Structure formats: structure tokens, C-alpha cells
1. How much length would be gained if the chain were fully extended between Ser132 and Val119, taking 0.36 nm per residue of separation minus their Cα-Cα distance, in nm to one decimal?
2. Starting from 0.36 nm per residue, how many nanometres of slack lie between Val88 and Asp30 once their C-alpha separation is accounted for?
3. For labels at Ala101 and His80 in the simple 7 Å Cα→Cβ model, what's the distance in nm?
4. Exactly which GluC sites (Glu not before Pro) in the stretch 26-130 are in a DSSP loop and have at most 12 other Cβ atoms within 10 Å?
5. Among the chymotrypsin sites (Phe, Trp or Tyr not before Pro) in the stretch 39-84, which ones are in a DSSP loop with at most 13 other Cβ atoms within 10 Å of the Cβ? Mind listing them?
6. I need to check one value: relative contact order of the stretch 21-118, counting alpha carbon pairs closer than 8 Å and at least 6 residues apart, in percent.
Amino acid sequence: MSPMVTGTTDNAPDQDFHPGESAATAPVEDEDGLPFWEFAARGELRVQSCAACALPRFPPRPCCPRCQCFASEWRRVSGHGRLWSYVVPHPPLLPFYEQHAPYNVALVELAEDPRIRLVGNVVAAPGAGLGSLDPARLSIGAPVRAAFTDPAEGVTVPYWLLEEA
Ligand SMILES: [Zn+2]
């Protein structure tokens with residue numbers, strides 16, 4: 001596990017944490033969100049859904065906002081979606097991110113349910129880096145599809161590719 005995953009909430013200096021390394025991008029796992037990362041590690045994009053009324057919800061949380069049921073299941077989705085919004089961060093940035101700028105942070109609405117929006121990065125090609133896509137190629141509503149990458153050992157995260165129209 002990376003220092004980010006095992007970090008504490010106190011403010012003591014962490015000698016093992018270097019923002020310039022890949023740990024800066026490691027997901028912070030919690031009990032509700034853990035299945036998302038476990039499925040991602042198998043190359044599956046899944047969304048938590050209510051076991052009683054089937055309403056999908058994201059980010060993961062214990063209770064259904066519609067029927068208040070605490071039982072949930074993780075339904076696989078196609079990985080197709082549309083760019084709902086995005087930003088292109090500018091300096092000052094943390095050193096890890098500065099070296100990749102300009103890059104994008106995208107909100108993608110899923111084809112199965114546009115109310116479900118995932119945060120990620122759109123890159124130029126499978127396996128390409130964070131800042132590989134010219135931000136000028138992004139447009140709201142653009143079709144995208146999910147893929148997966150392993151930025152560090154034991155860490156798998158989804159990212160997005162532009163669909164060719
Ligand atoms: Zn429900």
C-alpha cells in the first residue's frame with residue numbers, strides 16, 4: 001500500500017510521503033468505496049446500486065437516498081459515457097501535477113444513468129500519460145469510454161479515452 005492509503009489524519013510530517021511520486025495519485029480507500037477499487041483492479045467499472053430499488057449512486061455510501069435501504073450491490077456498467085464537464089488546472093500545482101500540466105480533470109456522465117458522474121482524466125491513447133491530450137480536443141458532451149491503468153504497484157484507476165465519432 002502507498003503512504004496515501006495508509007495515511008493518518010494528524011499533521012505530523014510523514015517522512016515516507018513525497019508528493020512528486022506516484023503515491024500522489026493513489027486512491028484513498030474507505031469501507032464504502034473499497035469494492036469500486038477491487039473491481040477496477042479486475043478491469044471492471046462497477047457502480048454501487050441499491051439492492052432493493054436498483055437506484056445507482058455515486059460516490060459510494062451506506063444508504064440509498066430514495067428508499068433508505070442499506071443493502072447494495074455493484075452493477076457493471078459499459079464504460080461508455082459523455083464528458084459532462086472538465087477543468088484544466090494551472091499553476092501553482094503540487095510538483096507531481098506540475099510536471100504533467102497542462103492536463104484535464106473530467107466529470108463523465110455514464111451512458112447507463114447520466115446522474116452518475118465519475119471524476120477522472122481523459123488521455124490521448126491507452127496507457128498515455130496524464131497530460132497527453134491537448135485540452136483543445138475536449139468538448140462538453142463528447143463521447144468517451146473507460147479504460148484502466150496501474151499508476152503504481154497494486155493501484156488500478158479508471159481513465160477515459162475520447163470515442164471517435
Ligand atoms: Zn433504494
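Values quoted throughout were computed directly from the atomic coordinates according to the rules given, and no laboratory measurement underlies them. Values in this document were obtained by computation on a predicted structure and should not be read as measured data. Note: ideal-geometry Cβ built from the backbone for every residue, glycine included; neighbour counts use all protein chains shown.
1. Difference between extended and current length: 3.0 nm.
2. Once the chain is fully extended between Val88 and Asp30, it gains 18.1 nm.
3. 3.7
4. Within the stretch 26-130, the qualifying GluC sites (Glu not before Pro) (loop, at most 12 other Cβ atoms within 10 Å) are Glu31.
5. Working: sites: Phe39, Phe70, Trp74, Trp84; in loops: Phe70.
Loop-located and lightly packed - Phe70.
6. So the answer I get is 22 percent.
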